[in-house]
Amino acid sequence: MSKLYLVPTPIGNLEDITLRAIRILKEVDVILAEDTRKTGILLKNFEIEKPTLAHHKFNEHKALPAIVERIKNGETMALVSDAGTPGISDPGFLISRACIENDIEIECLPGATAFIPALVNSGLPNDRFSFEGFLPQKKGRQKRLGELVEEHKTMVFYESPYRLLKTLNQFAEVFGEDRRASVSRELTKIHEENKRGTLKELIDYFNTSTIKGEIVIIIEGNR
């Protein structure tokens, strides 16, 4: 039966892929990949030989009708991002919505998502949290930060290594430099680092550190 699978892939350590994910990727007709080259490395590692089709933020609107039509005509497809769960700060929402609107079955597999380990090991409350993903880089950034000043739940942000210090300084200005936070980078990899402290302490630390890898920032809510 035709179906769309949303398949999480490892965020660093290839051992984190599930047995079920490997099976599904071997069974589907086509794999939709954010970057076919990166996905190709993953597939080769697990001896998966399936055709891949590029599906990323630059082409997903245009490619969507043809993909939906192929699934309706009987093909089974899997969507993967470069790392983590499709739809979490990666392509996935548009195709999921389109499949639902066309009565196409969707199945999302559980698996790797970067913010979960970062949140759990931050030492900050994780019973209730607000996932913010990437903040707007320019327009709307200050407005969004202003809206979060009174947020009582722990907040989760994604950031690139190139903007980490700028973002931490903005957080200190908005939330106060004594607000507790945690920065996680290179999660699941050899050089994984989880640094905890006040925003001021984190700024001081990363001012003298080499910053590499994708970043997850956890910020304490307003107490």
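Observations on the model:
- Of everything in the stretch 32-41 that is assigned to a helix (DSSP H, G or I) and within 17 Å of the chain's Cα centre (by Cα), the residue that is surrounded by the fewest Cβ atoms within 10 Å (Cβ to Cβ) is Lys38.
To keep it simple, each residue is scored yes or no on (1) within 23 Å of the chain's Cα centre (by Cα); (2) surrounded by 15 or more Cβ atoms within 10 Å (Cβ to Cβ); (3) outside any helix (DSSP H, G or I).
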site: Tyr158; (1), (2), (3): yes, yes, yes
site: Tyr162; (1), (2), (3): yes, no, yes
site: Lys166; (1), (2), (3): yes, no, no
site: Glu177; (1), (2), (3): no, yes, yes
site: Ala181; (1), (2), (3): yes, yes, yes
site: Leu202; (1), (2), (3): yes, yes, no
site: Ile211; (1), (2), (3): yes, yes, yes
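- The one condition in (1) assigned to a loop (DSSP other than H, G, I, E, B); (2) buried (at least 16 other Cβ atoms within 10 Å of the Cβ); (3) among the basic types (Lys, Arg) that Arg70 fails to fulfil: (1)
- Residue list for the stretch 1-31, filter: in contact (Cβ under 8 Å) with a residue 60 or more places away in the chain and outside any loop (DSSP other than H, G, I, E, B): Leu4, Tyr5, Leu6, Thr9, Asp16, Arg20, Ala21, Ile24
- Qualifying position, being under 21 Å from the mean Cα position of the chain (by Cα) and either assigned by TED's automatic domain parsing to the domain that holds Ile190 or buried (at least 20 other Cβ atoms within 10 Å of the Cβ) (or both), among Ala54, Ala78: Ala78
The values are calculated or read from the model by the stated rules, or taken from the named source; none is laboratory data. On a predicted model such as this, the values are computed, not experimentally measured, just so you know. So basically every Cβ, Gly included, is an ideal-geometry build from the backbone, and we count neighbours across all protein chains shown.
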